[in-house]
């Protein structure tokens, strides 16, 4: 799949085995839906490079990221993948602007000044430019989610992974952020994979849904 994600994943963790094929085209959003223990987080961690495959192959934009047969494994820090974790994992000692700029400096080697300028552009794009000097502890859940998404996208990843992006939010904020994501995600050119247990999130945000149960894909819906 040129430009997209093509993953054939088999991962064994004790007695649990995840076996699933996932293809996501450029500009497409796919939700992986399932209960706790279904294998959603294992899939996300495998695609992010935090867990190696036992069998299969992961290819992104024509680049092989993981292939046990070829003994090919690209570690997470070298993968062109942006990840927004459920609890955001923002650096508590850095202001919002510097959180967004971090990947530009650490991964792309940009100067501090250029990275901060680019971070300002992303904060403005997401309507939170006035929050650039705040540290994560002074941000609401919705604001923190936007900063985390800006940080993930600032490096222009070829794949965006969202891990339960709304689960940590209260009901009011969840609706606001869901509407925000519904506006932003279709504007992105990268393939997007959302891990969620919430059918509403999958229905509203995704073009297609893969349902997991006990490590197996049980249904795929358009």
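Okay, here's what the table says:
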read-out	value
In nm, spacing of pseudo-spin labels at residue 16 and residue 133 (7 Å Cα→C-beta vector)	4.5 nm
Proxy reagent accessibility, fewest Cβ within 10 Å first, across 129, 36	36, 129
Value of D in µm² per second that Stokes-Einstein yields for the stretch 1-117, Kirkwood Rh from Cα pairs, at 25 °C (0.890 mPa s)	154 µm²/s
In degrees, nearest ten, helix 171-184 long axis to first principal axis of the chain (Cα)	80 degrees
Dimensions (Å) - the stretch 79-188, Cα atoms, principal axes, largest first	39, 29, 21
Ratio of the Cα radius of gyration of the stretch 91-155 to 2.2 N^0.38 Å, where N counts its residues	0.96
Mean separation of Cα contacts under 8 Å, 6 or more apart, over the residue count of the chain: relative contact order %	31 percent
Cα gyration tensor of the stretch 11-72 - equivalent ellipsoid semi-axes, whole Å, descending	19, 18, 8
Of all DSSP beta bridges in the chain, antiparallel share, percent nearest 5	60 percent
The chain - convex hull of the alpha-carbon atoms, volume per residue in Å³	120 Å³
Helix-only mean residue ellipticity at 222 nm for the chain, each DSSP H run of n ≥ 4 adding -39500 (n - 2.57), per residue, nearest 500	-9500 deg cm²/dmol
Among 46, 200, 59: highest mean-square fluctuation, GNM of the chain, C-alpha pairs under 10 Å	200
On Cα atoms only, tilt of 112-125 relative to the major axis of the chain in degrees	80 degrees
Residue of 120, 164, 203 that the Gaussian network model of the chain assigns the largest fluctuation, springs spanning Cα pairs under 10 Å	203
Computed lengthening from residue 172 to residue 87, 0.36 nm per intervening residue step minus Cα-Cα distance	28.8 nm
Principal-axis tilt of helix 96-106 within the chain, Cα atoms, nearest 10 degrees	60 degrees
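Coordinate-derived values only; no laboratory data. All of these numbers come straight from a predicted model, not from anything done at the bench. Cβ coordinates were reconstructed from backbone atoms using ideal geometry, including for glycine residues, and neighbour counts include every protein chain displayed.
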